[in-house]
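Read through the structure below, which is laid out as structure tokens, and then see the notes.
Throughout, read-outs are computed from the coordinates displayed, never taken from laboratory work. Please read all numbers here as calculations on a predicted model, not as lab measurements. Here the Cβ positions follow ideal geometry from the backbone for every residue, glycine too, while neighbour counts run over all protein chains shown.
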Amino acid sequence: MSTMTVIATAGHVDHGKSTLVRALTGIEPDRWEEERRRALTIDLGYAWTTLDSGQTVAFVDVPGHRRFIGNMLAGLGPVPAVMFVVAADESWMPQSAEHLAAAAALGVEHVLLVVTRADLADPAPALERATAELAAAGLTPRGAVAVSARTGAGMDELRAALAALVETMPVPDPEARVRLWVDRAFTITGAGTVVTGTLGGGRIRVGDSLDLAGSSGEHRSARVTVRGLHSLEQSRETVEAPARVAVNLRGVSADEIHRGDALLTPGAWPSTRVVDARLVTPPRAATGTPYGFETDLPEHLMLHLGTTAREVRVRPLGSGTTSEPRRDGHVTSGREGVRASADDHSPSAASAVRLTLAEPLPLAAGDRAILRDPGTGRVVGIDILDVDPPELRRRGAGARRAEALAGRASGIDLQTEVAARGFLTVDDARRLGVTDDVLADPPPEITRHGDLLVDHEVWLGWVETLRVVTGEYARTHPLEPWMPAEAARTAARIPRLDLIAPLAEAAGLTHARGRVHEPGLRASLGAAEAGLAAIEARLAGSPFAAPERPELDAAGLGPRQIAAAIEAGRLIRLDDDVLLQPIAPAKAMRVLTGLPQPFTTSQARQALDTTRRVAIPLLEHLDAKGWTRRIDAGHREIVR
Ligand SMILES: Nc1nc2c(ncn2[C@@H]2O[C@H](COP(=O)(O)OP(=O)(O)OP(=O)(O)O)[C@@H](O)[C@H]2O)c(=O)[nH]1
Ligand SMILES: [Mg+2]
């Protein structure tokens, strides 16, 4: 299977994008009758071709008309490469600029510049202008060619340039979690529901279960099954990224799915409503004017990511550029909002913002997205830094958060995530986008216990706290100084009970029978200690003469003291009120072994020199242990 590259078109309306795709692929990307009649692309079109190199290139053809910018952004969103089309006879136009701003905001690195309609005008000026515009926006085209789709001039060079571009494309991780942004959903007679999209990472197999994260209605998240797969109209068992893919789904009808929904590896993505992000340096036109926001960022913007477009509320965190001197030598001032303006044209001036979405989305640190003001068409790119950010409650929390985010590298950093929370489960780390190779070999600041990743400082804190709370418990519970593990967990604010064992070990504490304590810790009976010692001394001589209530009372042994003595292993309770030393059953066996077998209860009682009150529960205790066996109502024997 040869690899596939997915490339989106971009460029002003009527500049020849669809014509070029058709010339390259032989496939008509304008799917609708209305589009063909009006010679205008309205929605996304799809076509593909195989180059001489054997590489397959799939195109997502976008509309240039400004009214359909939403469709354009949905086409560009999930695609890593762009074929930027400019007509030689019209040169640079408003939607050229708008599409460039979007591509630059998304940080698309793989751009091929094509000046087409070269049969209508000298392509050189348009090529020069477009190259300058791309450079000003921070995009370096991987190639620039002049063509005529009508005469075929330059088409071989274009194919060669596409082949060269394909060579530079990074290969996505086939093991990555799947997030397929849906661009179409429809019903095929006989097959049922089909969704299509650009698979950017991972693989999908027939039979897979996936979560459908819905954008609307009550269908917020549903489990669906992959019934069939197609890529470029060929049936497949497995489709691996990068690819255009059509997924036939069981468990959902097409009218429940919309562009902007996503098919996800189950449980592998967070469903997040609040994210912290950094504004990316705004792209500029060749004149120096930024495409981004010159004044304050509006509070309500559209977030474009993948094929989705959602309304978000934007909150600047701090002043964004708090301590960064501007080019003019001033320090940007505090509270008036985020400036992503002409003076802040440096990566260090990128500003931190908090985005709140009306509906949750499956997002990841490292996602690039566009914030767009539908009114003015202005855009700014964002780099999502944290999809599970801390609440900002206290005064100044926003500014502190902005500072913490300022130093963050983009993408996910396990150590930062663990340090921010203290601990993190492996599953949660995966949902945040931490890869398995990092999880397998976490940085030394992280202690891994089973499925939990704990910041080492936090771990040491728990060890110490566990020591303190168990010590405190022993002081306040002298009769039963062994702290129940669950109580210790709660008191020490340890998140999970299964951590008590490794923490106790690290703290040098004993963890046994659900309790945590100093090794060898004994109950202190206080005033009753002397009384118990006297009873123990008496039982040493006559082990089966269980103390009666008056003797216990005189010794100061009430129910709590007795329970403590039992817990400490100094007494055993055979019946409600028959207390003996733990050694008594073994001593009884020595006596009973000397009797003729089988023996009666009365013979046993006499041999043990005790009363029926003690003898009966003692014999039943031995039966229960399997040391003696009851033959009939009157007889027992020793089990050998
Ligand atoms: N002479 C000439 N005409 C061209 C060439 N390429 C495209 N055209 C014409 O330019 C017009 C627009 O072409 P399209 O391919 O529909 O343009 P588009 O960029 O896809 O337009 P939208 O999708 O609506 O933005 C059509 O009339 C094409 O026939 C070319 O190389 N030479
Ligand atoms: Mg078109």
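Each of 291, 473 was scored by other Cβ atoms within 10 Å of its Cβ. Arranged with the fewest first, they read 473, 291.
Along the axis of the charge dipole computed for the stretch 91-201 (Cβ charges of +1 for Lys and Arg, -1 for Asp and Glu, origin at the Cα centre), the listed residues 180, 154, 110 are led at the positive end by 180. In terms of packing, defined here as the mean over residues of other Cβ atoms within 10 angstrom, the peptides 167-173, 74-80, 401-407 line up highest first as 74-80, 401-407, 167-173.
With θ taken as phi - 60° and the Karplus curve 6.51 cos²θ - 1.76 cosθ + 1.60 applied, the whole-hertz 3J(HN,Hα) list for the stretch 165-173 is 4, 4, 4, 8, 6, x, 8, x, 6 Hz, x standing for glycine and proline.
With helices as the sole contributors, the chain gives -8500 deg cm²/dmol at 222 nm; each DSSP H run of n ≥ 4 counts as -39500 (n - 2.57), and the sum is divided by every residue.
How large, in Å, is the stretch 1-153 by the Kirkwood hydrodynamic radius built from its alpha-carbon pairs?
15.2 Å is the Kirkwood radius here.
A simple spin-label model places the labels of residue 254 and residue 189 1.2 nm from each other, with each point 7 Å out along Cα-to-Cβ. Fully extending the segment from residue 620 to residue 415, taken as 0.36 nm per residue of separation minus the present Cα-Cα distance, adds 67.8 nm.
Rounded to the nearest 20, the Cβ-based charge dipole of the stretch 231-316 about its Cα centre (Lys and Arg +1, Asp and Glu -1) stands at 160 debye.
The spacing between the stretch 30-74 and the stretch 136-214, judged by their C-alpha centroids, is 12 Å.
Label zone of residue 300 (point 7 Å out along Cα→Cβ, amide N under 20 Å): in the stretch 357-393 this covers 357-361, 370-380.
Charge dipole (Cα centre; +1 on Lys/Arg Cβ, -1 on Asp/Glu Cβ; no other charges) of the chain amounts to roughly 1760 debye.
Applying Stokes-Einstein at 20 °C and 1.002 mPa s to the Kirkwood radius of the stretch 504-610, computed over alpha-carbon pairs, gives a translational diffusion coefficient of 136 µm² s⁻¹. Neighbour counts of other Cβ atoms within 10 Å put 92, 482 in the fewest-to-most order 92, 482. Set the Förster distance to 60 Å, then compute FRET efficiency between residue 573 and residue 53 from the Cβ-Cβ distance, nearest 0.05. Given R0 = 60 Å and the Cβ-Cβ separation, E is 0.10.
Tell me, in nm to one decimal, what length is gained between residue 451 and residue 132 on full extension, where the rule is 0.36 nm per residue of separation less the Cα-Cα distance? Don't skip to the answer; put the middle values down first.
On the way: separation 319, 0.36 × 319 = 114.84 nm, distance 5.20 nm.
Going from the current span to full extension adds 109.6 nm.
Cα centroids of the stretch 613-631 and the stretch 413-460: 55 Å apart. Along the stretch 385-398 the Karplus relation, 6.51 cos²θ - 1.76 cosθ + 1.60 evaluated at θ = phi - 60°, assigns HN-Hα couplings of 9, 8, 9, 9, x, x, 5, 10, 9, 7, 4, x, 5, x Hz to successive residues, with x for each Gly and Pro.
In this entry, the stretch 17-83 is assigned a mean projected area of 4.5 nm², taken as a quarter of its C-alpha convex hull surface. Taking Cα atoms only, the orientation of helix 123-136 departs from the longest principal axis of the chain by about 30 degrees.
Residues 284, 613, 513, 236, arranged from fewest to most other Cβ atoms within 10 angstrom of their Cβ, appear as 513, 613, 236, 284.
Over the chain, Cα pairs under 8 Å with separation of 6+ residues give a relative contact order of 8 percent. Computing FRET efficiency as 1/(1 + (r/R0)^6) for residue 631 and residue 534, where r is the C-beta to C-beta distance and R0 is 51 Å, gives about 0.85. The listed peptides 243-253, 455-465, 389-399, ordered by packing as a protection proxy, come out as 243-253, 455-465, 389-399 (highest mean of other Cβ atoms within 10 Å first). To the nearest ten degrees, helix 456-476 and the longest principal axis of the Cα atoms of the chain are 30 degrees apart. For the stretch 428-506, the fraction of C-alpha pairs more than 14 angstrom apart is 64%.
A simple spin-label model places pseudo-atoms 7 Å from Cα toward Cβ; at residue 498 and residue 167 they are separated by 5.1 nm. Simple spin-label estimate for residue 491 and residue 311 gives 5.2 nm between the two label positions (7 Å along the Cα-to-Cβ direction from each Cα).
The HN-Hα couplings worked out from phi for the stretch 581-586 by the Karplus form 6.51 cos²θ - 1.76 cosθ + 1.60 (θ = phi - 60°) are 7, x, 7, 3, x, 5 Hz, whole numbers, x standing for Gly and Pro. Once the Cα atoms are used to define both axes, helix 94-105 deviates from the longest principal axis of the chain by about 30 degrees.
Taking the convex hull of the alpha carbon positions in the chain and averaging its projected area over all directions gives 42.0 nm².
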